[in-house]
Amino acid sequence: MEEPKKLKRRPSDSKLPHRFSMVRSFQLADFVTLGNGVCGCLSLMFAMKALLTQNTDFLFSSFWCIPAGVFFDFLDGRVARWRNATSLLGQELDSLADFCSFGIAPAVLGFACGFQKMLDLVVLTYFVCCGLARLARFNATVASMPSDQNGKVKYFEGTPIPTTLVIVAVLAYGVYNGKFWRFANPVYKDEGPFALFSQAFTPDYVWGGEITIFPGYEFHPMVLMYALSGTLMISRRLRIPKP
């Protein structure tokens, strides 16, 4: 007689992860950090909505999302120390939220305000890559950096990425004072469905005008503030005491 086949046993339910196990592992500070990420996402969406509708109300909503993100970024560290609950997950979550709110969103806002020449795009991409590299370096070296008795790092290497709020403030000031986004009754030419949009960002409609390097290659001098900010973020010689 043939021996009966052994049935494979299913793993017991106790060994399976619980539903929403990742969310259950979140600390209170992690939910605050998610607020920062939400602000970054909303800023991107409002900026795109502004480009589609040519309505500055959406652009100002996008601007306001960045200081809101700074608030959540400031608050999550305080909450983590108050609860005495920090984790590697929280550290990574904080960096990803910062990259969205203070790396990608300011670059998209610069594009929305008219920095759309090919050389402008090179500078904006450089800025985003610097922010990404700065956050990756911090995560890789934070364990070996000098810290106080509470484990708090004593200084930043390079400027912290939330300092890009300064760039956003400059852009908001420019839009508020009519130095960007003069969409009111532009002279229309039959140049296709995007004619109205393209004419809005002529040199007269972008703060600081534009400079021609050689024919076909122009850039807006104001975009250099992104290059400066990115360079300061990745500097290793620049050490800023952490408050």
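Computed from the coordinates by the stated procedures, all read-outs in this text should not be read as laboratory data. Since we're looking at a predicted model, the values are computed, not measured. Cβ sites come from the backbone with ideal geometry, for glycine too, and all protein chains shown count toward neighbours.
Extending 7 Å from the Cα toward the beta-carbon at both CYS129 and TRP64 defines two label points whose distance is 3.6 nm.
Note on segment 160-177 and segment 50-65: Cα centroid distance 14 Å, given to the nearest whole angstrom.
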